[in-house]
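Notes follow the structure.
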Amino acid sequence: MSKEKIALAYSGGLDTSVMIKWLKDKYDAEIVAVTGNLGQQKEIENLESKAYSTGASAFRFVDLRKTFVEEYIWKALKAGALYEDVYPLATALGRPLLAKALVDVALEENCTMLAHGCTGKGNDQVRFEVTFASLAPHLKMLAPLREWEFTSREAEIAYALEHNIPVSATKKSPYSIDENIWGISIECGVLEDPMVAPPEDAYQITTSPEKAPDSASVVEIAFEAGVPVSLDGKPMGGLEMIMKLNDIGAANGVGRLDMIENRVVGIKSREIYEAPAATILHFAHRELERLTLEKTVFQYKKNISQDYANIIYNGTWFSPMRKALDAFVDETQKPVTGLVRLKLYKGTVSLLGRNSPNSLYNEELATYTEADTFNHKAAAGFIHLYGLGLKTFSEVNPGL
Ligand code: ARG
């Protein structure tokens, strides 16, 4: 019988390194290690040689950054997707794309199984496996962390040393960190006590608001149909825009979030996020919507934002529901074109101004000066009919 072949979502960390050897032995399989680039800064170099020296028979590095921005992040931004009103969903948005990349490689390489390095109590296992099930239901899924014998990091290190698996000499951070261009997720260590304020060393990219410059940074972001297209008057691709806003935002202490969230698997967890660009862009986009969306669309879309965020968080990106909501969102975004001017200052984002060729703000109607064109007399008849139902009810039911 031919050997099994397993495509493994590989990060180069201890877990997925040990996993290469463990899977090889357990399934008598060849391992194809697959790493996706979602714009993370850490340890992208040397991954290939590391994978081979750990026992992989093939290594694939897939640059997903452009797809991530254009097909995932912009959709979430247009939808206004913030999980439980706070989390811009960086990790959650990246998983279906990584899972899809893994499936694509697995199909090209004739793999029979898919494996990931997620734990058994997190959301990410759900996102990976639900995506696998929708894109390649015939492939077997493996989640070694839910099954293997290691109960501690020390046990894994001992196994690694015994099998000549290179263990990184650098001291491991006390935190569990997941990173991509849309944001960084940080948990574990002292952060597990929700009453403990995050120590400065938990933050990876942002300056603390206290140490941020005393003078504000001003940015101008132009949107076309809900998508940011230029920064400070300079037309810019999405990737560059997000990287620039991450830098400017981080320098001003913008984008730190501290959240107790409801996980898919039924527990509450505490996570710290750093998402400067996401914080700035969601804020700017929402302000432009206030100016350009018709009232009922603006108010109704709030519900859609919440549903959309749940879809991303809960791992059902590849679903007819997400596509249906995209159609709604895209329709709403047609007039969301214009300019937003913002001030970034010591951890805050505030609005300096906004304009749009599709602005629904009409100064002649809004003004309290002589220039007013609003028909004040028409208000009386409007209010009479508008309040008629309540007036009738009170007359029939006095005191109710
Ligand atoms: N709580 C976030 C989510 O479920 C991030 C999960 C990964 N976090 C981490 N620190 N490794 O999307």
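The values are calculated or read from the model by the stated rules, or taken from the named source; none is laboratory data. Note that the structure is predicted; figures quoted are calculated from it, not measured. Because the Cβ atoms are built from the backbone with ideal geometry, glycine has one as well, and the counts that use them run over all protein chains shown.
For the structure I just gave you, tell me whether PRO209 is surrounded by 12 or more Cβ atoms within 10 Å (Cβ to Cβ) and more than 16 Å from the ligand (Cβ to nearest atom). Quick ask: steps written out before the conclusion?
Values: surrounded by 12 or more Cβ atoms within 10 Å (Cβ to Cβ): yes; more than 16 Å from the ligand (Cβ to nearest atom): yes.
So PRO209 passes the test.
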Qualifying positions in the range 143-171 - exposed (fewer than 14 other Cβ atoms within 10 Å of the Cβ), in contact with a helix residue (DSSP H, G or I) (Cβ under 8 Å, 6 or more places away or on another chain), without any contact (Cβ under 8 Å) to a residue 40 or more places away in the chain and not in a helix (DSSP H, G or I): GLU149
Options ASP104, ASP85: the member that is within 16 Å of the ligand (Cβ to nearest atom), modelled with pLDDT of 95 or more, surrounded by fewer than 18 Cβ atoms within 10 Å (Cβ to Cβ) and of a type outside the set (Phe, Trp, Tyr): ASP85
Options PRO174, PRO137, PRO194; residue that is assigned to a loop (DSSP other than H, G, I, E, B), closer than 24 Å to TYR313 by Cα and without any contact (Cβ under 8 Å) to a residue 40 or more places away in the chain: PRO137
Residues (outside any loop (DSSP other than H, G, I, E, B) and either surrounded by 11 or more Cβ atoms within 10 Å (Cβ to Cβ) or in contact with a Lys or Arg (Cβ under 8 Å, 6 or more places away or on another chain) (or both)) located in the range 347-364: THR348, VAL349, SER350, LEU351, LEU352, GLY353, ARG354, ASN355, GLU363
Looking only at the range 304-316, and only at residues there that are closer than 20 Å to GLU271 by Cβ and hydrophobic (A, V, I, L, M, F, W, C), the one that is surrounded by the fewest Cβ atoms within 10 Å (Cβ to Cβ): ILE311
Residue in the range 205-225 that is in contact (Cβ under 8 Å) with a residue 24 or more places away in the chain, in contact with a strand residue (DSSP E or B) (Cβ under 6 Å, 6 or more places away or on another chain) and farther than 28 Å from ASN355 by Cβ present: yes
Pair list, Cβ < 6 Å and 6+ apart or interchain, from the range 263-274 residues that are closer than 10 Å to ASN123 by Cα and at pLDDT 95 or above to residues that are small (Gly, Ala, Ser) and within 11 Å of the ligand (Cβ to nearest atom): ARG263/SER269
Selection count, the range 252-277, where residues are surrounded by 16 or more Cβ atoms within 10 Å (Cβ to Cβ) and either among the β-branched types (Val, Ile, Thr) or over 25 Å from TYR345 (Cβ atoms) (or both): 7
Test: VAL34 is among the β-branched types (Val, Ile, Thr), under 24 Å from ILE186 (Cα atoms) and within 15 Å of the ligand (Cβ to nearest atom): no
Yes/no for ILE221 being in a helix (DSSP H, G or I), closer than 24 Å to PHE68 by Cβ and of a type outside the set (Gly, Ala, Ser): no
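Might you check whether a residue that is within 24 Å of the chain's Cα centre (by Cα) and within 16 Å of the ligand (Cβ to nearest atom) occurs anywhere in the range 146-168?
The first filter runs over the range 146-168 and keeps only residues within 24 Å of the chain's Cα centre (by Cα), leaving none.
The answer is no; no qualifying residue exists.
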